1. VAL43 passes all but one of (1) in contact with a strand residue (DSSP E or B) (Cβ under 7 Å, 6 or more places away or on another chain); (2) among the hydrophobic types (A, V, I, L, M, F, W, C); (3) at pLDDT below 95; which number fails?
2. Among the numbered conditions (1) loosely packed, with under 13 Cβ neighbours inside 10 Å; (2) assigned to a helix (DSSP H, G or I); (3) touching a residue at least 24 places away in the same chain (Cβ under 8 Å), tell me where THR11 comes up short.
3. If you take the residues in segment 24-38 that are loosely packed, with under 11 Cβ neighbours inside 10 Å and outside any helix (DSSP H, G or I), which one is nearest to the chain's Cα centre (by Cα)?
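The values are calculated or read from the model by the stated rules, or taken from the named source; none is laboratory data. Note that the coordinates shown come from a computational prediction; the quantities given were computed from them, not determined experimentally. Using ideal geometry, Cβ is built from the backbone for each residue, glycine included, and neighbour counts are taken over all protein chains shown.
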Amino acid sequence: MDASKDIHSLTEFEHNSSALIKQLQETGQPLILTVDGTAQAVVLNAKAYQQLIELAERARSLTSIQKSLEEIEQGKTQPIEQALEALGKKYEV
């Protein structure tokens, strides 16, 4: 990925938004928008954004699974019967 082709000032994006969005759709590469020469925003096409969201969700799930496995290894669990009994008492069910 040659990011230098995808870096544009916010002013340039405002003036050429149609062409830059077309470039975004054709290349699938995000656009980096700058203000006073400093990166301030990244513009993604909808498909890339959705993929990023799905990847983040998978990462959160994997982190949760890893934490659970560590707790199992550390003996921080209890049999389901005990857990259900404790919940029943707590909530008077």
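1. For VAL43, the exception is condition (3).
2. Result: THR11 passes all but (3).
3. Taking the candidates together, the pick is THR38.
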